[in-house]
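Working notes, structure below.
The values are calculated or read from the model by the stated rules, or taken from the named source; none is laboratory data. Just so you know, these numbers come straight off a predicted model, no measurement behind them. Neighbour counts run over all protein chains shown; Cβ positions are idealised from the backbone, glycine included. SASA here: full protein model, heavy atoms, side chains in, ligands and nucleic acids out. Shrake-Rupley method; radii C 1.70, N 1.55, O 1.52, S 1.80 Å.
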Amino acid sequence: MGEVDYAVPDEYFQLLGPSKKDGNFRFKCLLCGGDKSISAHQKSRLNLRNHITSKHKGSVANYDAWCRENDKRGKRKRKSADDSNDADVQLVSKSPKRVQPSISSALMGIPGGRKLTQSMLDKYILEYITDSILPFNHVESDAFKSFVENLIGSSSKQVRIKGRTTYTNRMKELFQSQKKSLIDSMEKADYVCLTADHWSARGRGFLGITAHWLSKEQDSSPTRENACIALRRITGRCTYDVLGKEIESVMAEYGLQSKVSHCVTDSGSNFVKAFKVFAHQEASGPSQDQGDIQSADEEQPLVAEPVNELLTEGPEEGTEMYDLPPHFRCAAHRLNLIATGPAATEALGNPRCKTVYRSLMAKLSHMWNKQSRSTVVADKIRDQLGRLLITPNATRWNSTYDALSRVHIIFKEKKADFQSLLTSESLRPITENEERFLGEFLRVFRPLALALDILQGNTEAGYLLPTLQVVKEEWMEVGQHDLEYCTGLLGALQADLNRRFEDEFESEFFQIAAAVHPVFKLSWVSDDEKKTKIRQAVKAVLPDYEGDEQEHNVSEAPTTSNQSFFQRLKDKNKKKNNFDLWAGWADSEDEKVPPFLQNVFIQYNTTMPSSAAVERMFSLAGRVLSPTRALLSDANFEMCVFLGGNRNRKDE
């Protein structure tokens, strides 16, 4: 087969051996890592350079310089070989000697010791400030200036650190550039899911919106992409018409009017009414018009939208109309309401468990409060128990479950130390009845807590029904054991789950989403009749044949041949029926979405079951709008959150 007629820099590529294709060799890219190989012809580096250009743009200049230098040496060697008339001399090019970069250039990330330019320094500083959520006056501090000047060394004569005004203006340019890139990325998506919520800090209210979509991959399942797209200032009351106007404005700004599969929010009354009045519900999506609606006092204390206004069938007189996408109420928020709602509260208030529950929680609440308020008590807990207690968060019920789980574990491992700790704080020790109640309480709530953790992740709509089904089955198993205190609580939770998710259990949208999801397929369905119904629903949304989204066209040219006339029937029988392909895939162990199923998978699984993503954006926003930055303008605040929230997308 011969040998490679050129050399490659050994810091970029490693020669693996001949390729299956005659005249080609396989190379491994050392910058990418992994086992993937690149095929290149034995006489041309073109494929290798194309790989560097597409995957490692920052290394193109160094790669080209190496190749030019190496080719010059090769020519000199060939000339020497020709002069000696030695036909057996073979071209063997050695890699140029590596030059160790200076410490300053290595620390600044400049490959090959290239000279640091002013634009490069500005870029690095801007990325450092935006990614680290730092105020721009940080660049004017003496410590930062000294740090950078010590790094760049001799380059400091040609480049300098500029003031915060310059970097603020550069931030605006970077914001516009990344926003355009984000719009271009979402333009390629078939469907986009939005999550939205209202948030307030430092006496200001904001509407936060995030976007999520699935990108097609040639050799694997579609991948989830996420972005923070808006954090808009809301002045005055956050009413349903204000929300409708702002959400429609953001959708138009990003060109998403016809692409949004669903907008996921909590059950706040203002959001529910906004979508009830302005949203267009599609047949393929879940209906959210019916069911329980939570008042603002359960969900958003800052929203002053009376619940009785939801009783109106349409907009108030004089209200401008807006076009909103289908609405889905956050599943994680509804699970949270199941754990803390009236049904659970009433069940815990029954005579059988009321006394023991209140007694236990009074003791633990005292210890949680003491640990938070007193360093002396915190040190004592750490010394005696080897760890601190987990303190519950009032707005997240699963934090209460985690706190009680920590107590249960500690009590099993260091029961005597825990009881001694309670006694030292003038509290009665935990009784056997309270210990048994705690164990039952955690067993009952464990499936709900795990479901919350799953649905609050970066999951698809296909996760909803299988997750709820597992919760129902685990509760049935718990109910088969003798419960001394929590029998009524278990029944109340089961009934509340069925009531709050009644529509979703019967929704074809979520059934199809799970059936075409490679993690679940039909494994979550045990009832044969229901399984048949879901199969028919999947069959209805799949195109009949592979690549046959549209009807077959009539033959372009007329023919009088009987054989040609009936050829279409033979061709059709040769095609693979997509429903049969799906049925075979559903019975297999394949955990990838096959190509014929990708469009349907994206259509039904772009929607997310939870609005937790926008809550995570608010956590980032809280770091930006710190007490020392309370006067940050609304526009600059949104840009800082946008750049910080999308920092992982900057290279896309």
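When the solvent-accessible area of the stretch 314-433 is split by element, carbon and sulfur atoms take up 49 percent of it, the probe being 1.4 Å. Taking a ≥ b ≥ c as the square roots of the Cα gyration tensor eigenvalues, the stretch 115-198 comes out prolate, since a/c reaches at least 1.5 and a/b is larger than b/c. When the pairs LYS145/LYS172; LYS21/LYS521; LYS180/LYS539; LYS276/LYS521 are compared against a 29 Å limit on Cα-Cα distance, LYS21/LYS521; LYS180/LYS539; LYS276/LYS521 fall above it. TYR167 exposes around 0 Å² of accessible area when a 1.4 Å probe is run over every protein chain in place. Ligands, DNA and RNA aside, LEU490 has an accessible area near 10 Å² when probed at 1.4 Å. Peptides 187-196, 357-366, ordered by how many other C-beta atoms sit within 10 Å of their residues on average, highest first, read 187-196, 357-366.
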